[in-house]
Structure formats: structure tokens, C-alpha cells
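The values are calculated or read from the model by the stated rules, or taken from the named source; none is laboratory data. These figures come from a predicted structure and were not determined experimentally. Glycine gets a Cβ as well: all are built from the backbone with ideal geometry, and neighbour counts include every protein chain shown.
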Amino acid sequence: MIQKERAIPIKILILEAILRRISETHPARAQLAEELGKRYAGYRGEQILDYYTKHLPLQKHHFIFHDLRLPISNQAWFQMDTLVLSPCYILILEGKHMAGKLHLEPQQLIRELPNVEESFPNPIIQIKNQQYFLKVLLEKHSFAFPSSDAFVVITNPKSIILPNPDYEEVADKVIRPQMLRFCFEQMEKKYNKVIWSDNDLSEISQRLLQLHKPDEPDLLNQYGIRKDELIQGIYCEDCKQFSIKRINRNWRCQMCHRKDEKAFIRTLLDYRLLRGDTISNREFRAFSHVSSIHIASKMLTSLNLPARGERKNRHYELSLDNLLSLL
């Protein structure tokens, strides 16, 4: 029973929005594009992991959470790609969609590519930390902690996992997606003492979902991009230009003449990702280059967005989930 579906990471959406709205010659553009490529590779790996998780022989009392981010403290968080709760045990899966030759050592993961050698944090330590932090969190909220296990799932079929006889946990904890079913069946046999009732699982699920907070980094500040450097207007996905205008009650591109009634919603989404979670009529007109107060008001009210204030002080709330659902 899936309690939390996986959605496209907010960081990917933010990176795409920035790349749409900065100039082709911006000094941060190459670095942003490289980061976006890495994030999409990771997301593809998570989708591969989801495919194999979906085909496990799970029962209705197995609760599955994808991309769950939970607090360690008021200032720190930990994130799990996939969490499976059962009445008898906890299973954590961490996907890694890495190419090249992978050599794991206790302190690091070394990746070898042609003419390149890179170091990354050891993902086995990562899943152990996830187990520890989850245990602390559940016990803090007075829930018993059952037996648990965790695996690093290497999802890129072109990668090579190099054996390390001096580090036995590599063979035990690092697997391919095809091994998931075998590991799951082994856990079902090994951990058969019921710790949580169905009511316990429901209560824990609700608590985890309440505590979950998506990661929404300030990438403009991180990459040194000023808000006044962002290109304003309504973007045409065909022409890759800010060439859509409101003409005869239709949103239409001035270059290719494509009609796109959702273009202004995507503009609101860009605003939400890059500027803030509320918008006024004036702010919408400035960001979208819509000159008419009445057209802007009509567009904003047509979406039934929650709002507060009256007239010039009226601000519409921009929920990320709501905007994405309208596209």
C-alpha cells in the first residue's frame, strides 16, 4: 500500500525554471545545466527502483513511502529514497544511478570513469545513518522500533561494482534491482515476529507524512543569481522564447502562433519556484508582462487559488501541488 508516491524532485523543477529564465550567456548556466543532468540521472535511478519495488510480493499491510524527508532536529533532516514498513520489520532502499567502476571503501565510494576518478560519500554508511535516525525519530514519538535492514541499490546497468574482500558489507548491502525480490523474501522469513498492528502502521504512517518536508533549496542564492537577472514574460515551449501573449481571449505565441491555455499556469509555477509562495495582481502582471489589471485578475481568480486581503492588498497563495495538478 503506497502511502507516499514519488514526485519529480522540487530541485529539478527549480533548476529548469532558472535555466528557462536566465540568458544563454549567464556565467552560472553551464554549472546549472550540469547539476540538472545529475539530478535527472538520480531521478531515473529512483524510477527504476520504484519499478522493482512495485513488483515485490507485498501485502496490504506493507506501507511504502517514496522520497521521504524527515527531521533529525530543527536544523537537520535525513531523506530516504524508499521506506517499507511491515508489521515485523523496516526496509530502507537507497538508489544510486552511477555509471563507471564503483569501488567501496569504509570511508568513501570511488568511481572510475575514463580519465576521471571521483570520490563520493559511502552509501553503506548513508543507509546505516538512515536506520539510526529513523529509530531515534520513532522512539521519540513513542513507537517501538522493529528489526530493520537496508540496501544500496545500484540501478545503472552499465556500472561495475568492484569486489572488495576487505570490506564484507559491500557484498551484503550493495545489490542490483533484480536482487530486491530475493532480499525481500529473505527478510519475510527472517523477521516474522509481529511488532506493529494495522492500527500502529496507520498511526505511524500519518505521523511520518506530517513530519515530511520536501527539500526546497534557495538555488538563486546558491548560484549567485539576482532576481532582477530573471527573464520575465510567458514562455513558449515550442519556440523556447518568451513570446506568448493574451490575444482575443487566447494565450498564443507571437512567433509560431501556438495556442497554449496553460502557459500562464506554468508562469505562475516559475514564480512560485523562484520568487515566493504568494502573488498579487501587480506582481503577476510584472512577471508575465500582462498589462491589463482586469485580465490578470480574471486569470488568477479562474484557478480558484486561496487568497487573502482585498483589492490592491489581495494576495493569492501559490501551492506547488495545486499548480502542478493544473498542468
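In region 184-213, the residues that are touching a residue at least 40 places away in the same chain (Cβ under 8 Å) form Cβ pairs under 7 Å with partners that are surrounded by fewer than 12 Cβ atoms within 10 Å (Cβ to Cβ) and of a type in the set (A, V, I, L, M, F, W, C), at six or more places apart or across chains, as follows: Ile195/Ala144. If you go through region 283-327 and keep only what is polar (S, T, N, Q) and over 20 Å from Asn248 (Cα atoms), you end up with Asn304, Asn313, Ser319, Asn322, Ser325. Evaluated against (1) surrounded by 14 or more Cβ atoms within 10 Å (Cβ to Cβ); (2) part of a helix (DSSP H, G or I); (3) in the same structural domain as Gln79 (by TED's automatic domain parsing); (4) among the hydrophobic types (A, V, I, L, M, F, W, C), Ile195 falls short on exactly one condition, (2). Looking only at residues of region 168-178 that are surrounded by 15 or more Cβ atoms within 10 Å (Cβ to Cβ) and out of contact with any Ser or Thr (no Cβ under 9 Å at 6 or more places or on another chain), we find that the one that is nearest to Pro87 (Cα to Cα) is Lys173.
When you scan region 111-126, do you find a residue that is of a type in the set (Val, Ile, Thr) and either closer than 29 Å to Gln59 by Cβ or buried (at least 22 other Cβ atoms within 10 Å of the Cβ) (or both), even just one? Scanning region 111-126 turns up at least one residue that is of a type in the set (Val, Ile, Thr) and either closer than 29 Å to Gln59 by Cβ or buried (at least 22 other Cβ atoms within 10 Å of the Cβ) (or both).
Condition check ((1) within 23 Å of the chain's Cα centre (by Cα); (2) at pLDDT 95 or above; (3) among the acidic types (Asp, Glu)) across all residues:
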site: His103; (1), (2), (3): no, yes, no
site: Ile110; (1), (2), (3): no, yes, no
site: Ile124; (1), (2), (3): yes, yes, no
site: Val136; (1), (2), (3): no, yes, no
site: Ala144; (1), (2), (3): no, no, no
site: Val153; (1), (2), (3): yes, yes, no
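Determine if region 66-78 includes at least one residue that is buried (at least 18 other Cβ atoms within 10 Å of the Cβ), more than 19 Å from Ile127 (Cα to Cα) and either touching a Cys at 6+ places or on another chain (Cβ under 7 Å) or assigned by TED's automatic domain parsing to the domain that holds Asp198 (or both). No, the conditions are met nowhere in region 66-78. Checking each residue in region 37-67 for being aliphatic (A, V, I, L, M), touching a Ser or Thr at 6+ places or on another chain (Cβ under 9 Å) and not in a strand (DSSP E or B) picks out Ile48, Leu49, Leu58. A count restricted to region 269-285 and to residues that are of a type in the set (Gly, Ala, Ser) and surrounded by 14 or more Cβ atoms within 10 Å (Cβ to Cβ) stands at 1.
Taken over region 20-36, the criterion of being in a helix (DSSP H, G or I) and surrounded by fewer than 16 Cβ atoms within 10 Å (Cβ to Cβ) is satisfied by Ala30, Gln31, Ala33, Glu34.
The residues of region 48-77 that are out of contact with any strand residue (DSSP E or B) (no Cβ under 9 Å at 6 or more places or on another chain) and farther than 25 Å from Phe133 by Cβ, listed by number, are Tyr51, His55, Pro57, Gln59, Lys60.
Residues checked against (1) in contact with a Leu (Cβ under 9 Å, 6 or more places away or on another chain); (2) modelled with pLDDT under 90; (3) aromatic (Phe, Trp, Tyr):
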residue: Leu274; (1), (2), (3): yes, no, no
residue: Asp277; (1), (2), (3): yes, no, no
residue: Glu283; (1), (2), (3): no, no, no
residue: Phe287; (1), (2), (3): yes, no, yes
residue: His294; (1), (2), (3): no, no, no
residue: Asn304; (1), (2), (3): no, no, no
residue: Glu310; (1), (2), (3): no, yes, no
residue: His315; (1), (2), (3): no, no, no
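Among the strands (runs of 3 or more DSSP E) confined to region 68-147, the ones with at least 3 residues that are of a type outside the set (A, V, I, L, M) and free of Cβ contacts under 8 Å to residues at least 40 places away in the same chain are located at 108-113, 116-120.
When Asp50, Asp81 are screened for being under 30 Å from Glu203 (Cβ atoms), in contact with a helix residue (DSSP H, G or I) (Cβ under 9 Å, 6 or more places away or on another chain) and either of a type in the set (Phe, Trp, Tyr) or buried (at least 16 other Cβ atoms within 10 Å of the Cβ) (or both), only Asp81 passes. Residues that are farther than 26 Å from Ile225 by Cβ, in contact (Cβ under 8 Å) with a residue 12 or more places away in the chain and either surrounded by 13 or more Cβ atoms within 10 Å (Cβ to Cβ) or in contact with a strand residue (DSSP E or B) (Cβ under 7 Å, 6 or more places away or on another chain) (or both) do occur in region 309-319.
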